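Engineer: There's a structure below that I have some questions on.
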Amino acid sequence: MIDNWGRKIEYLRVSITDRCNLRCIYCMPKDGIELIKHDEILTFEELIRIIKSASELGISKIRITGGEPLARKGITQFIRKIKSIKGIEEVSITTNGILLEENIDDLIKAGLDRINVSIDSLNEDIYSKITRSKGLDKVLRGINVALDKGIKKVKINTVIAKEINYSEIMDFAELTEKMPVDVRFIELMPIGEGKKYTQVSNDDIKKIILKKRKLIPFLNSKGSGPATYFRTLSSKGAIGFISPISHEFCNKCNRIRITPEGFLKLCLHWNDGVDLKKVLRSKASDEQLYKIIYNAIKQKPYKHEFKSQNKNSDSRNMSQIGG
Ligand code: SAM
Ligand code: SF4
């Protein structure tokens, strides 16, 4: 559907859990967060009702995220059910990749279309420092297995922070010459723990890559998201830049989000939205649910204002929202 600012809203990010098997320093505090009680997290059946309503409103792409989505039992059956909903064209997942290798066969059988894997370092020591855990080798194996088994697109999401992994920018760019994966640099957002680290703008990242490689822009924009893509002369995959801070793309925003506790969130930055859990658990009809989602989308804020936090800003960590 079209929102009040003329934007086509067609993409829903569904966060199915706030639990995670890693503790990335810019996303979660060391001792974790206060977790949502199990019975406050939407069931898969409740999520399917929301996705059905959303599909009738024109949502055609679903991305499952978290916390760590592969840490929630039943995810493959959930994907299979989403794939059977009329109007849903694509189901993808954003994962830290730790549990990818052991789940890949079931995910493919369920019909998963695309996988984004978050990796912020290709060096085991730095990876351990960032995630406060181990497992880079496992993650890389998971990516290779996914590619071998025919997942049509694997993208790597990388967040660069000045004090953590600034020295690895070129390593990530070069990864696209070694493997058929896209690497996308996502600017660190001042959300929760993310506020403690120094964001590096994608213009600066691009300058660093340009010292060593020619970057050739893709003429037709790749994908439906906010990334701009380039390739080098020997690329197997593309280098993408997602720049929510330095080059705001709110005028093209096509997405809404569901948090694990069922809050329909209209913009990553703001608190605005609707408590759909309350709606679902008060035995609302499908028609009522549809109207509530429709009215909410009409209220989608025009833009984020990360640079000027105020009382309506969301103060939670990304693991509680889903990225
Ligand atoms: N656990 C999964 C993963 O790491 O891919 C999915 C959830 S995670 C919250 C989704 C994405 O949000 C990851 O790519 C992560 O790097 C990103 N993220 C977390 N905190 C962020 C921040 N402050 N700014 C930018 N991206 C952030
Ligand atoms: Fe977990 Fe993903 Fe956050 Fe890392 S970025 S702590 S893997 S939710």
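The values are calculated or read from the model by the stated rules, or taken from the named source; none is laboratory data. Just so it is clear, the model here is predicted, and its values are computed rather than measured. Glycine gets a Cβ as well: all are built from the backbone with ideal geometry, and neighbour counts include every protein chain shown. Ligands, DNA and RNA are excluded from the accessible area calculation, which covers all protein heavy atoms including side chains. Shrake-Rupley method; radii C 1.70, N 1.55, O 1.52, S 1.80 Å.
Engineer: Would you confirm whether any residue within region 193-206 is modelled with pLDDT under 95 and open to solvent by less than 10 Å² (accessible area, probe 1.4 Å)?
Structural biologist: Checking region 193-206: at least one residue is modelled with pLDDT under 95 and open to solvent by less than 10 Å² (accessible area, probe 1.4 Å).
Engineer: Going through region 274-306 one residue at a time, which ones are in contact (Cβ under 8 Å) with a residue 60 or more places away in the chain and either among the polar types (S, T, N, Q) or open to solvent by less than 70 Å² (accessible area, probe 1.4 Å) (or both)?
Structural biologist: LEU276, LYS277, LEU280, LEU289, ILE293, ILE297, LYS298, GLN299, LYS300, HIS304, PHE306
Engineer: Test LYS81 against the stated conditions and say whether it is more than 15 Å from ligand 1 (Cβ to nearest atom), under 27 Å from LEU136 (Cα atoms) and either in contact with a Ser or Thr (Cβ under 7 Å, 6 or more places away or on another chain) or open to solvent by 30 Å² or more (accessible area, probe 1.4 Å) (or both). Outline the logic, then answer.
Structural biologist: Numbers: more than 15 Å from ligand 1 (Cβ to nearest atom): yes; under 27 Å from LEU136 (Cα atoms): no; either in contact with a Ser or Thr (Cβ under 7 Å, 6 or more places away or on another chain) or open to solvent by 30 Å² or more (accessible area, probe 1.4 Å) (or both): yes.
It is false that LYS81 is more than 15 Å from ligand 1 (Cβ to nearest atom), under 27 Å from LEU136 (Cα atoms) and either in contact with a Ser or Thr (Cβ under 7 Å, 6 or more places away or on another chain) or open to solvent by 30 Å² or more (accessible area, probe 1.4 Å) (or both).
Engineer: Could you please let me know if PRO244 is within 20 Å of MET189 (Cβ to Cβ), open to solvent by less than 70 Å² (accessible area, probe 1.4 Å) and at pLDDT 95 or above?
Structural biologist: On the way: within 20 Å of MET189 (Cβ to Cβ): yes; open to solvent by less than 70 Å² (accessible area, probe 1.4 Å): yes; at pLDDT 95 or above: no.
Answer is no for this residue.
This table checks each residue for (1) within 28 Å of ARG141 (Cα to Cα); (2) among the basic types (Lys, Arg).
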| site | (1), (2) |
| --- | --- |
| THR198 | no, no |
| ASP204 | no, no |
| PHE218 | no, no |
| ARG231 | yes, yes |
| ALA238 | yes, no |
| GLU248 | no, no |
| CYS253 | no, no |
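Engineer: Of all residues in region 141-161 being charged (D, E, K, R) and touching a helix residue (DSSP H, G or I) at 6+ places or on another chain (Cβ under 8 Å), which is farthest from SER243 (Cα to Cα)? Show your work before the answer.
Structural biologist: So in region 141-161, the residues charged (D, E, K, R) come out as 141, 148-149, 152-153, 155.
From the residues that got through so far, the ones that are touching a helix residue (DSSP H, G or I) at 6+ places or on another chain (Cβ under 8 Å) too are 141, 149.
Details: ARG141: 29, LYS149: 31 Å.
Among residues in region 141-161 that are charged (D, E, K, R) and touching a helix residue (DSSP H, G or I) at 6+ places or on another chain (Cβ under 8 Å), the one farthest from SER243 (Cα to Cα) is LYS149.
Engineer: Of everything in region 1-46, what is more than 16 Å from ligand 1 (Cβ to nearest atom) and closer than 15 Å to GLY66 by Cβ? Give them in sequence order.
Structural biologist: So the first thing to find is which residues in region 1-46 are more than 16 Å from ligand 1 (Cβ to nearest atom), and the list is 1-10, 31, 34, 37-40, 42-46.
Selection gives HIS38, LEU42, PHE44.
Engineer: Something else about it: Which residue out of SER235, SER221 is open to solvent by 20 Å² or more (accessible area, probe 1.4 Å), modelled with pLDDT under 90, closer than 29 Å to LEU210 by Cβ and small (Gly, Ala, Ser)?
Structural biologist: SER221
Engineer: Among the residues of region 141-172, which ones are among the hydrophobic types (A, V, I, L, M, F, W, C) and either open to solvent by 50 Å² or more (accessible area, probe 1.4 Å) or not in a helix (DSSP H, G or I) (or both)? Step through it out loud before you land on a result.
Structural biologist: From region 141-172, those among the hydrophobic types (A, V, I, L, M, F, W, C) are 143, 145-147, 151, 154, 156, 159-161, 164, 169-170, 172; that's our starting set.
Result: ILE151, VAL154, ILE156, VAL159, ILE160, ALA161, ILE164.
Engineer: Look through ILE25, ILE51, ILE41 and report the one residue that is among the aliphatic types (A, V, I, L, M), touching a Pro at 6+ places or on another chain (Cβ under 6 Å) and open to solvent by less than 30 Å² (accessible area, probe 1.4 Å).
Structural biologist: ILE41
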